[in-house]
Each structure stands twice: as structure tokens, then as C-alpha cells.
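Chemist: Below is a structure I'd like to ask you about.
The values are calculated or read from the model by the stated rules, or taken from the named source; none is laboratory data. Keep in mind it's a predicted model, so treat the numbers as computed, not measured. Heads up, the Cβs are rebuilt from the backbone with ideal geometry, glycines too, and the neighbour counts pull from every protein chain shown. What goes into the accessible areas is simple: the full protein's heavy atoms, side chains included, and nothing from ligands, DNA or RNA. Shrake-Rupley method; radii C 1.70, N 1.55, O 1.52, S 1.80 Å.
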Amino acid sequence: MKHMKWWGWGDEDKEFDLSDKPALWPYIVENLEVDPDAAKISHPPICLENIRLDPPKRNEPFLAEIKSKIYTDHRERVVHSYGKSFRDLLRIRKGQIDRAPDGICYPESEQEVCDILRLAHKHNVVIIPFGGGSNIAGCLEAKGDRMILSMDMRRMDRLLEVDHPSMIARIEAGAMGPALEKKLNDAGMTLGHFPDSFEYSSIGGWVATRSAGMTSDKYGKIEDMVISLRLATPQGQIVTRTVPKSSNGIDVRHLCIGSEGILGVITEVTMQVHPLPAKKECYGYLFPDFESGVAAVYECVTKGVAPSMTRLNDPTKTALSFAFKTKEPFFVQLLGKLVKQYLKAKMDFTKVALLLVGYEGNQKKEAHAIYKKHGAFCLGQRPGRSFQKGKYDFPYIRDFVMDRGAIADVSETSTLWSNLLPLYYKSQKAIREAMIKVGAKPYCACHISHTYRTGASLYFTFGCKGTDLERYLAIKHAAEDSFMQNGGTLSHHHGVGYEHMPWMEQEISSMGMTALKALKQGLDPQGIMNPGKIIP
Ligand SMILES: Cc1cc2nc3c(=O)[nH]c(=O)nc-3n(C[C@H](O)[C@H](O)[C@H](O)COP(=O)(O)OP(=O)(O)OC[C@H]3O[C@@H](n4cnc5c(N)ncnc54)[C@H](O)[C@@H]3O)c2cc1C
């Protein structure tokens, strides 16, 4: 099984490439106050061999009965210790792993999953389901004195069945984004789910964390796509019926969606799929300011004009996007300069907001008219093309700046349209103030990337000089506190894990917590499933 780099994001052989983006490093140096020498790595990750792990705990009666192979080598244990949150990476790069899983198994069938869970329940062994390992909410952290087994689902990756007339596909939970989408495309279909982490995340993980992809405006969030599922719990299986809709009391399917491995292991999902779009286009528009962009996006939503992707950057995020610009041929550069000169005469470039819009149908004419009405200038397809080209490379930049002694992370929420700008202003202020309080130059950017009739998501990117957890946590806490105090949610799509757990009661009320605890107690009385996540 090929793993992501244990110390960071993505393929082990791939590094973030600055060479074709001349404006990017000066922009980062100015905003994150790092050493101008981009070649100088001041904070490299520790060597894998130097990470010290306690010897694996052995539950002998369990090991005597289990038939599945269990891997205990150093690299496997390190790779399965954490997800990819900033907190995870900060610790693993320093070799700080207090508790690694004691073993890793790779089940190949639902029966094998059920057998392992039955034995784990019998012998009190903890199970942590593992998809792609890409979560950023502390969903995989091992805790406690019992033997802990990480259950890596990636060998269960088959597309089991496609029902063309009904447009549904039955899929094993360990299927990873690119391979799954390829199989569906070969059958003339798409799932329409493309999170930024698409290349290294699994469908089971998406469903377990209630993920959102960049074309959610057209295809919905992952929970909108699940028709039915199968969840293996320590005490038996939950199986829901594959029907379009039903009135069958409390929706058990939705109790399993978002359960982050604390109730059981999702072994199979049946998903709504869609015909492959005949054409995909992505355009860029420049608005005079973020507020006019928000007004335009809102008008599109209320009028039912729904592009497949809407990504509206605030001025700081717009400046970051411009800094990503790659070297271009002379004539393109010249044309770009002329357009910029023309726009600079009309717009204040410190306030402009870049909107990237994906079209898969006939919405372009109507959307274009609405954007123009709100003062936008259409930049054509060039910004869209470069976004599409680099969209899965962007996450590599976090490792690059961490190597050079900087903090870079994201926090996201959603709220109603009536509260969108107030929450944006307040949270941005709270994040910036938290940075100033810890003595850092504040950098905070934001974009909107998922819209609904009732509201939208707000996705904050922040960064500053620093390598210590306390400094980072002060900023992260300020962001989450601000979301909760000002009408947002603790997370729109990253989930809870243990990192967002402190805000759970505020989010769902204390009776809501009581309901969750009862559910957990009923399905997993010994608490063997991914303990310490969602519920304290
Ligand atoms: C750079 C980057 C970009 C990201 N972009 C996005 C984005 O655009 N949209 C988005 O929604 N998220 C995004 N994420 C977060 C992350 O990719 C999602 O949370 C994703 O859904 C996790 O899937 P995974 O397969 O990697 O799950 P993992 O990280 O392996 O697991 C996540 C949780 O789900 C549980 N789980 C996994 N598989 C199963 C299963 N079969 N049964 C039961 N429980 C299971 C695990 O126990 C754990 O609690 C991003 C993360 C990074 C690092």
C-alpha cells in the first residue's frame, strides 16, 4: 500500500514547486515574516528512524483468535498515527507521537471487517477506521491503554454495481477519489465530489466526515448523495434500504453519516451518480470588492442560477491567488499588463475580489449578466484554467512554509446569508487580533466556496511566523470561538474529531450530546470504536 508522506501532504516524491511562480515567495516573506532565502530549510522534519514509539501493546487472546494479518512495523505505525491537521503535522515533524496504533490491518471484505469487530468487542481492543488519512480535525488520534488497531480500508475499493436507469452506484468504502472517479467516468458517470484532498481521501472517509467538494453547488455535499449504506458495528450490522426516499421514522442512514468511525465501520455506500457533463468551463471575474461579489453570488442563488462551482475570494485571498501566477509568454504578459492598467483605472486593487466560477450547463449567460450588474469584469478562462491545473497542488505549500518556520492553516464555517458579512468581519477581526496578541504579524484570508439558498460557507486561511503549538492553538481557538459566538457552525465540512470537540455542546446543545452518548452506548457499549472523537 502506497502511503502519503508521513510528515506532510501528498506524494512522497512531490514537493511544492516555486520556480514558475516568481511573485509567490516575496508575497509569503512579506506576510509571514519568514527568511527571504527560500532555499534555506530552518525547520526540517525529523528522520523517520528517530521517531520513538512505545513497543506495540499486545492483547494476546485477541491476537490468538484473529485471522487477519496485522502489521506492526515502524513506518506503518507512524503513518497511521495522525491525520493531516496542522497540529498533527507540527507534532509528527518533531517526532512527537505519544500513542501510535499497536497494529494495522487491511481488511479485504465486509465479512472480514465484521469478524475483526466481533473479536475486538469480545477482547476489548480499540478500532480506528482509516480511509485516506487526510482529515484535519484530529479524527485518527490513538488514545488510551488498550490495544489499538488501525483498520485501513483501502483494500476494499471496488465499484460493485452501477444501476444506469436509477443513476446509482454501489461502492466499497475504501475506494479512493481518483480511482473511483475514473471507474465511474468509464461508465459515463461522475460522482461530482471533488474535495481539495480528492487525490488522497476515500469515499468512506468523505461520508464519515460529511465532506464537501468544490462542485457541491451542483451536486450537493456528500450527505446529499448517499442513498443507502452498510455500517458494521461491534454488535452487528446496520443496513439501510436502497430506495429514493422513505418515511421510516428517524433516518438511521443519517446517524451513520458523519459518525467519524465512533459507531462502526462503513463498509459500503450506494451513491447517487450523474451523467458526465458534455462540457466543463471555468471563468474568472474580478469584482470591485468582496461585498459586491457576495451580492452577485447571492443574487445567482436566489434566482436559481447555479454554476457548478463558485469560489469567491476576499481581497487578501485574491492577492494570494495573484501571487500564484505562473510565468507567461511575452504577449500574454503584455496583454495582462494592459488589462491590469485598464482595471486599475476603474477599481481599487487593494479591495478587488476574484470569483472563480465553474459552468457545466447553460448557466453562463445568466450568471455573467448578474456578475456584470454587480460591477464585475470578466477575466475569461485563463484564471479558471490555472486554478483547475494547480488545484490539487496547492496543499503542498503548507509543508513548504512549515519547513521554513511558519504556521499556515485553515478554519471554516457556514452561516445564513443575513449573517454572512457580519460573521466574515467578526471572525477575520478575531483571527487577526489573536495573531497580534501572540506577537505575530496577522495574515488572514477568506473565500466562499459552497453556497445554498439559505447561506454559504466561509473558509479562512491564516498564517504567521512560528513553530510552537501554543501560538497556533491561540489562533485556532479564536477562530472557532468567533464562529460559535457569532452564528456560525463549528465546521462546514472538516468534521469534529477531537480538535473541534470542545465546541460540540455549544453546537448541538446538551440534550443533543445526551442523544449522541446514548447512541454510542447502544451500538458500542465498550467504547472500542475510535474513542475520544465527537463525544468527550
Ligand atoms: C489539504 C487538504 C484539503 C482538504 N480539502 C477538503 C475539502 O475540500 N473538503 C472536505 O470536505 N474536506 C477536505 N479536507 C479534509 C479531509 O480530506 C476530509 O475530511 C476527508 O473526507 C477525509 O477522508 P479520508 O478518507 O482521508 O478519511 P480519514 O482521514 O482516514 O478519516 C477521517 C475520519 O473518518 C473515519 N473513517 C474513515 N473511513 C471510514 C469508514 N470506512 N467507516 C467509518 N469511519 C471511517 C475515520 O475513523 C476518521 O474518524 C482536506 C484535508 C486536507 C489535508
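Chemist: Of all the residues that make up the range 431-456, how many are crowded, with 22+ Cβ neighbours inside 10 Å and farther than 30 Å from Lys218 by Cα?
Modeler: 5
Chemist: Taking Pro44 and the conditions (1) within 16 Å of the ligand (Cβ to nearest atom); (2) under 28 Å from Ser197 (Cα atoms), which numbered condition does it fall short on, given that it satisfies the others?
Modeler: Condition not satisfied by Pro44: (1).
The rows are residues; the columns are (1) outside any loop (DSSP other than H, G, I, E, B); (2) touching a Ser or Thr at 6+ places or on another chain (Cβ under 7 Å).
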{"position": "Ser247", "(1), (2)": "no, no"}
{"position": "Ile266", "(1), (2)": "yes, no"}
{"position": "Gly284", "(1), (2)": "yes, no"}
{"position": "Ser292", "(1), (2)": "yes, no"}
{"position": "Cys300", "(1), (2)": "yes, no"}
{"position": "Gly304", "(1), (2)": "no, no"}
{"position": "Arg311", "(1), (2)": "yes, yes"}
{"position": "Ala319", "(1), (2)": "yes, no"}
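Chemist: Further question: Pick from the range 482-502 the residues that are open to solvent by 20 Å² or more (accessible area, probe 1.4 Å) and in a helix (DSSP H, G or I): which of them is nearest to the ligand (Cβ to nearest atom)?
Modeler: Among those residues, the one meeting the criterion is Met501.
Chemist: Could you give every pair whose Cβ atoms fall below 8 Å, whose first residue belongs to the range 523-536 and is modelled with pLDDT of 95 or more and assigned to a loop (DSSP other than H, G, I, E, B), and whose second residue is of a type in the set (Lys, Arg) and away from the ligand (no atom under 13 Å from the Cβ), counting only separations of at least 6 or pairs across chains?
Modeler: Correct list of pairs: Gly527/Lys520; Ile528/Arg146; Ile535/Lys517; Ile535/Lys520.
Chemist: To continue, here is another question. Can you confirm whether the range 151-162 contains a residue that is more than 8 Å from the ligand (Cβ to nearest atom), over 24 Å from His80 (Cβ atoms) and touching a His at 6+ places or on another chain (Cβ under 8 Å)?
Modeler: No, the conditions are met nowhere in the range 151-162.
Chemist: Any residue in the range 353-381 that's over 10 Å from Ala306 (Cα atoms): show its pairings with residues that are among the basic types (Lys, Arg) at Cβ separation under 6 Å, as long as the two are six or more apart or on different chains.
Modeler: Qualifying pairs under 6 Å: Leu356/Arg311.
Chemist: Looking at the range 85-105, is at least one residue open to solvent by 10 Å² or more (accessible area, probe 1.4 Å), of a type in the set (D, E, K, R), in contact with a strand residue (DSSP E or B) (Cβ under 6 Å, 6 or more places away or on another chain) and closer than 26 Å to Lys5 by Cβ?
Modeler: Looking through the range 85-105, none of the residues is open to solvent by 10 Å² or more (accessible area, probe 1.4 Å), of a type in the set (D, E, K, R), in contact with a strand residue (DSSP E or B) (Cβ under 6 Å, 6 or more places away or on another chain) and closer than 26 Å to Lys5 by Cβ.
Chemist: Here are the criteria: (1) closer than 15 Å to Arg210 by Cα; (2) buried (at least 19 other Cβ atoms within 10 Å of the Cβ); (3) within 13 Å of the ligand (Cβ to nearest atom). Tell me which single one Arg253 does not satisfy.
Modeler: That leaves (3) as the condition not met.
Chemist: Is it the case, given these coordinates, that Gly405 is over 30 Å from Val301 (Cβ atoms) and either open to solvent by 20 Å² or more (accessible area, probe 1.4 Å) or touching a residue at least 40 places away in the same chain (Cβ under 8 Å) (or both)? I'd like the intermediate steps shown before the answer.
Modeler: Working: over 30 Å from Val301 (Cβ atoms): yes; either open to solvent by 20 Å² or more (accessible area, probe 1.4 Å) or touching a residue at least 40 places away in the same chain (Cβ under 8 Å) (or both): yes.
Taking the combined requirement at face value, the residue satisfies it.
Chemist: For the range 171-216, which positions are more than 8 Å from the ligand (Cβ to nearest atom), among the charged types (D, E, K, R) and either under 19 Å from Pro129 (Cβ atoms) or outside the structural domain of Pro244 (by TED's automatic domain parsing) (or both)?
Modeler: Passing the criteria: only Glu172.
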